[in-house]
Amino acid sequence: MYPELMVIPMREELVRAGIKETRTAEEVDAALAQPGTTLVVVNSICGCAAGKMRPGVRLALANATNQPDHKITVFAGQDREATERARSYFEGNPPSSPAIAILREGKLVYLMQRYIIEQATAQQIAGELVRAFDELCAKTTA
C-alpha cells in the first residue's frame, strides 16, 4: 500500500467526475444492490490509470448522453476489501487494475481490462465507454 497522501489526488480525480468512492465491501454491495446500471471503476496508482483510464472515464462522462444510473470506484492496492468485493462481481475474469465495468442489476454486462486500457489512448477509452453507455445504459421509454 502507498501512503494515503500520495493517492488522494488519484481518488479525487474520479470523485470530482461524479463517481462515488466505495472503500468497504459493504459499500460495494450496497451500491451494486441498487436497481439499474452501475459503472465500477477499479482505480490504480499505475501510469496507465493516470494517463489513460481516469482521463478516458472523465471524458466519457462529460460527453455521454446515456450514462449509468450509478457510478462507483474502488482503489486497487489501497482498499483491498472493497476491491476484492467489486472484482467478485466480475465472475470468470481475472483480477485487473485498472479496469472499468458496467453491471446491470448487479450482473456484469461489460468489462474493460488493463490489457485493453494499456493499448488505448484516453480518447479511445472514452469513445468505447460512450459506445458501451449508449448500448447498455440507454433509458427506455414506454
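Readers should treat all values here as calculations from the given coordinates under stated rules, not as data from a laboratory. These figures come from a predicted structure and were not determined experimentally. Because the Cβ atoms are built from the backbone with ideal geometry, glycine has one as well, and the counts that use them run over all protein chains shown.
Observations, loosely collected:
- Any hit, segment 90-100, residues being surrounded by fewer than 20 Cβ atoms within 10 Å (Cβ to Cβ) and closer than 18 Å to residue 19 by Cβ: yes
- Residues (over 13 Å from residue 20 (Cβ atoms), among the polar types (S, T, N, Q) and in contact (Cβ under 8 Å) with a residue 12 or more places away in the chain) located in segment 70-89: 78, 83
- For segment 110-121, the candidate set comprises residues that are without any contact (Cβ under 8 Å) to a residue 40 or more places away in the chain and either of a type outside the set (S, T, N, Q) or at positive phi (or both); within that set, the residue that is surrounded by the most Cβ atoms within 10 Å (Cβ to Cβ) is 112.
- Scope segment 14-54; condition closer than 28 Å to residue 121 by Cα, part of a helix (DSSP H, G or I) and either without any contact (Cβ under 8 Å) to a residue 40 or more places away in the chain or of a type in the set (D, E, K, R) (or both); matching residues: 16, 47, 52, 54
- Conditions (1) in contact with a Lys or Arg (Cβ under 8 Å, 6 or more places away or on another chain); (2) under 20 Å from residue 121 (Cα atoms); (3) in a strand (DSSP E or B); (4) among the aliphatic types (A, V, I, L, M); number of the one not met by residue 74: (2)
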